[in-house]
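The block underneath contains the structure these notes are about, expressed in structure tokens.
Only the coordinates and a few stated rules stand behind these numbers; no lab work does. Bear in mind the structure is a predicted one, so any value in this text is a computation, not a measurement. Every residue, glycine among them, receives a Cβ derived from its backbone with ideal geometry; neighbour counts consider all protein chains shown.
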Amino acid sequence: MPNQKWNASLYDARHAFISEYGVGLVTLLNPLSGERILDVGCGTGALAQEIAQTGANVVGIDSSPEMIQSARAQYPGLEFDVQDASDFAFAVPFDAVFSNAALHWVRQAEETAACISRVLKPGGRFVAELGGQGNVATITAALQQAIYETVRIRTHHQWYFPSVPQYAAVLERNKLETTAVWLFDRPTKLIGTEGLRNWCLMFGSSMLGHVSDGGQDRVLARTEELCRPHIFRDNVWFADYRRLRVVAHKL
């Protein structure tokens, strides 16, 4: 994603829930010993390690050098590589491609699906979860309003949050038949009183890049003020996540 900067230590320390929720997706993947599995958007490698513990041979890719550096340091026995989700290739095909909380960062959905299809064996499976239509709508609208009030710049998020029919059509055009799909709300607890602020710093840097360092505190305070009536309950922030989960097979 253009202009998105990743802090791998902040990701692990304050946003480990992303990998924790992904454990259920690993169960859906049902990796088997000896299978060759690609983790697209592997981040700091926690779920690649979870898959590897089943005996599968896992390769993780991510476009962030910082994330891959952290993954290699934490799990030196696994293979990790810096590659873009919309432009990757492997000589040896995979039994399955897995992706958790990554593909909504990649607006080139057609190119990504084409890459996934090319690296899968015939009949191979694709199991993924990404932000779906309406994901973090409350947070995004508040952050955009706060930025406009502060610097008079209208920003637009660069995430890809497809509907069920939109994403199924993308996969179908690339010889991936959708066999199961879910779109569901998942309000997600953020850690500490600074939870929303940390979320914006971690994931909203492309929008906050329009604001000087001196103005960011005002933007974040105003974002909290706008969000408080909607996603702050019992002194806890809850991100208004809406997730799209899919299982598809290579035709």
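Brief remarks follow.
- The label point for VAL236 and the one for ARG173, both projected 7 Å from the Cα toward the Cβ, are 4.1 nm apart.
- Comparing mean-square fluctuations of VAL236, VAL151, VAL170 from a GNM of the chain with C-alpha springs under 10 Å, the top value falls on VAL151.
- All distinct Cα pairs of the chain go into the 1/r average, and the inverse of that average, the Kirkwood radius, is 18.7 Å.
- Extension gain, ALA141 to THR54, is 27.2 nm, computed as 0.36 nm per intervening residue step minus the present C-alpha separation.
- Gaussian network model of the chain, Cα within-10 Å springs - most flexible of ALA239, ALA73, ALA168: ALA73
- Cα gyration tensor, the range 53-139 - rounded (a/c under 1.5), prolate or oblate: oblate
- Each label was represented as a point 7 Å from its Cα along the Cα-to-Cβ direction; for GLU66 and GLN158 these points are 1.4 nm apart.
- Working from label points 7 Å from Cα in the Cα-to-Cβ sense, the LEU32 to GLN166 distance is 3.5 nm.
- Neighbour-count order for TRP159, TRP182, fewest beta carbons within 10 angstrom listed first: TRP182, TRP159
- Estimated FRET transfer efficiency when R0 is 35 angstrom, pair ARG186-ALA91 (beta carbons, to 0.05): 0.40
- Cα gyration tensor shape of the range 35-101, rounded if a/c is under 1.5, else prolate or oblate by comparing a/b with b/c: oblate
- Dividing the alpha-carbon radius of gyration of the range 100-163 by the rule-of-thumb value 2.2 N^0.38 Å gives 1.49.
- Fewest-first sequence of VAL97, VAL247 by Cβ atoms within 10 Å of each Cβ: VAL247, VAL97
- Over the range 111-251 - Rg/Rh using Cα atoms and the Kirkwood inverse-distance radius: 1.08
- With a cut-off of 15 Å between beta carbons, the residues surrounding ALA137 carry a summed charge of +1, where Lys and Arg count +1 and Asp and Glu -1.
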